[in-house]
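Worksheet: the structure to be examined is printed underneath.
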Amino acid sequence: MSVKVSVLMSVYSEPENWLSLSIESILNQSFVDFEFIIINDNPKRKLNSLILAEFKLKDKRIIVINNEKNLGLTKSLNVGLKIAKGEYIA
């Protein structure tokens, strides 16, 4: 899959509404040539997994990575960078 932009997002324990609104905001952009890599950095929080799985079913551009343990923001984003295929990173 060749994409122009890889959008990276790491989630931890944001309120459910904020998480959903953030994801929807990215997906509703007029520019559509992107992959959306979302890293779940809080594997103990089941709500994250449920929300991300639901969005992944709705949009094929979403790639979900579930960390085995909390790595922190910087290391989580680096995990996403390793699989990013875009010419640009956002």
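The values are calculated or read from the model by the stated rules, or taken from the named source; none is laboratory data. Computed from a prediction, not measured in an experiment: that's the story for all the values here. Neighbour counts run over all protein chains shown; Cβ positions are idealised from the backbone, glycine included. Surface accessibility is based on the protein's heavy atoms, side chains included, excluding ligands, DNA and RNA. Shrake-Rupley method; radii C 1.70, N 1.55, O 1.52, S 1.80 Å.
Below are the figures for this structure:
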quantity: Accessible area in square angstrom per residue, the chain, 1.4 angstrom probe; calculated: 63 Å²
quantity: Given charges at Cβ of Lys, Arg, Asp, Glu: the chain dipole, positive-most of Asn67, Phe36, Val7; calculated: Asn67
quantity: Length added when fully stretched, Asn17-Lys82, from 0.36 nm per residue minus Cα-Cα; calculated: 20.5 nm
quantity: With every protein chain in place, the chain: carbon and sulfur % of accessible area (1.4 Å); calculated: 56 percent
quantity: Residues in segment 36-62 that a label on Lys69 would reach, taking backbone N under 16 Å of a point 7 Å out along Cα→Cβ; calculated: 41-45
quantity: Translational diffusion of the chain, µm² s⁻¹ [Kirkwood Rh, Cα pairs; Stokes-Einstein; 37 °C; 0.692 mPa s]; calculated: 250 µm²/s
quantity: About the Cα centre, charge dipole magnitude for the chain (Lys/Arg +1, Asp/Glu -1 at Cβ), debye; calculated: 280 debye
quantity: D (Stokes-Einstein, µm²/s), Kirkwood Cα radius, segment 3-51, 1.002 mPa s at 20 °C; calculated: 185 µm²/s
